[in-house]
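The values are calculated or read from the model by the stated rules, or taken from the named source; none is laboratory data. The structure presented is a predicted model; accordingly, all values stated were derived computationally and were not measured. Cβ sites come from the backbone with ideal geometry, for glycine too, and all protein chains shown count toward neighbours. When the accessible area is computed, the model is the full protein with side chains, heavy atoms only, and any ligands, DNA or RNA have been set aside. Shrake-Rupley method; radii C 1.70, N 1.55, O 1.52, S 1.80 Å.
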Amino acid sequence: VRNASPAATDTVNAARERLDPATAAGLQIKIYKETDDGELHAHIFFPPDHQKTGASPVLLFFHGGGWSEGQPENGYPLCQQWASRGMVCISFAYRLAGTGGTTPIECITDAKSAVRWVRAQADELGLFDEMGVITGFNSNDITLAWSGEAQIGSIGLIVYHYTAPDNE
């Protein structure tokens, strides 16, 4: 597992300042894929006192934005919340459609790569890869990761995370 480049780390350090100190200390950034357009990063939130020799359930988060906008930091509040409850939470970057000739096909390919990367890194990250959740802020972002060849173990739950408008 390679750490993110210094430029990517600087960007994340700015986002880290918005987190509570305990969560910020547990955040790690790893490269999960290298493309012609650059590195793609996994933003990993570990629960307090996480032991990599143990096995924690995992939550995978893919940001919304219709494949054309958004960033992993959009998932920080959700990841922070669930990491505090004992899950390892990972918010992923993926190439955005409309930049450098990227189409939704590459977005889906990146998400599949992210899920395969998690499966391959389960022991190193201390994951119980038979128990996991995939979520995102748009239905298309959830479908990014859900495919037969990219499943994590026997993942049985995909959560469509949508905030309903206030209808007072």
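Which pairs do you get when a residue that is farther than 18 Å from N74 by Cα, found in segment 26-43, comes within reach of a residue that is open to solvent by less than 20 Å² (accessible area, probe 1.4 Å) and among the charged types (D, E, K, R), reach meaning Cβ atoms under 7 angstrom, with the pair 6+ apart or on two chains?
Hits for this filter: K33/D110.
Condition first: in contact with a Phe, Trp or Tyr (Cβ under 8 Å, 6 or more places away or on another chain) and modelled with pLDDT of 90 or more. Can you find one or more residues in segment 29-38 that meet it?
yes
Only one residue in A120, A93 is more than 15 Å from T35 (Cβ to Cβ) and at pLDDT 50 or above. Which one?
A120
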